[in-house]
Amino acid sequence: MKIIMLGAPGAGKGTQATRLAAAYGIPQISTGDIFRENLSQGTELGKKAKTYMDAGELVPDELVCDLVADRISQADCAKGYILDGFPRTIAQAESLDAVLAKTGEKVDFAVDIEVPDEAIVARMAGRRVCAKCGKPYHVVSLPPKQDGVCDDCGGELMQRKDDAAEVVTKRLEVYHEQSQPLIDFYAAKGCLMTVDGTQSADDAQAYIQARLEA
């Protein structure tokens, strides 16, 4: 089962990717994890990526796709995998299709977690994190026992800069600009699954699994 997760920042795609990976015993793969693994191991692909990163440049699509292709060829991906955060562009999606076609495979599902922008802004604006131990909170759904204070270590709770409403709004604008072509791409292939991300995580997971197993 080869699954791609789509969804705006804060929509909950990472949560669902983690749950589905555990449910089906397949790896959840992000490009960030792939980069870190190749850099730490000093692979040839990792060294190539590092030259761009050290120069403050984006790693080219071709190299990103090579890194992903190498990762999904590993033994733990034999039963399938969940790609979280890749592909991000049509070029990357087409490259992934080309890699899979070499072994007669294809993307089975592109799962798009949809949440209205205003709900995401409210959701992320309420997030807090302990400045001392990093424990996450939410002022509405997961509040601390004492306002502004971590339950575990007594550290001060803070809002990350990228959770501020104006920053989230800008990130959403960029996401929609980049993601709509991808949503259309997978819809045209007949493998797009649209999921209501405003429901509970349990209900969203149940819906996705029912569709995957139908």
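Structure summary
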{"item": "Every residue from segment 49-79 that is under 24 Å from ALA8 (Cβ atoms) and either of a type in the set (Ser, Thr, Tyr) or open to solvent by 40 Å² or more (accessible area, probe 1.4 Å) (or both)", "result": "LEU58, ASP61"}
{"item": "Lone qualifier among ILE34, ILE82 - being part of a strand (DSSP E or B), crowded, with 16+ Cβ neighbours inside 10 Å and in contact with a helix residue (DSSP H, G or I) (Cβ under 9 Å, 6 or more places away or on another chain)", "result": "ILE82"}
{"item": "Filter pass, ALA131 being loosely packed, with under 14 Cβ neighbours inside 10 Å and touching an Asp or Glu at 6+ places or on another chain (Cβ under 8 Å)", "result": "yes"}
{"item": "The one condition in (1) assigned to a helix (DSSP H, G or I); (2) over 16 Å from the mean Cα position of the chain (by Cα); (3) touching a residue at least 24 places away in the same chain (Cβ under 8 Å) that VAL59 fails to fulfil", "result": "(1)"}
{"item": "Among the residues listed as LEU100, LEU83, the single one being of a type in the set (A, V, I, L, M, F, W, C), at pLDDT 90 or above and under 15 Å from GLN28 (Cα atoms)", "result": "LEU83"}
{"item": "Condition broken by ARG71, with the remaining ones in (1) in contact with a strand residue (DSSP E or B) (Cβ under 9 Å, 6 or more places away or on another chain); (2) more than 21 Å from LYS102 (Cβ to Cβ); (3) of a type outside the set (Phe, Trp, Tyr) satisfied", "result": "(2)"}
{"item": "Answer residue from segment 1-25, given it is part of a helix (DSSP H, G or I) and basic (Lys, Arg) and is farthest from GLN209 (Cα to Cα) among those", "result": "LYS13"}
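The values are calculated or read from the model by the stated rules, or taken from the named source; none is laboratory data. This one's a predicted model, so the numbers in the text were calculated from it and none came from an experiment. Ideal geometry is used to build each Cβ from the backbone, glycine not excepted, and the neighbour counts take in all protein chains shown. Side chains included, ligands, DNA and RNA excluded: accessible areas come from the protein's heavy atoms. Shrake-Rupley method; radii C 1.70, N 1.55, O 1.52, S 1.80 Å.
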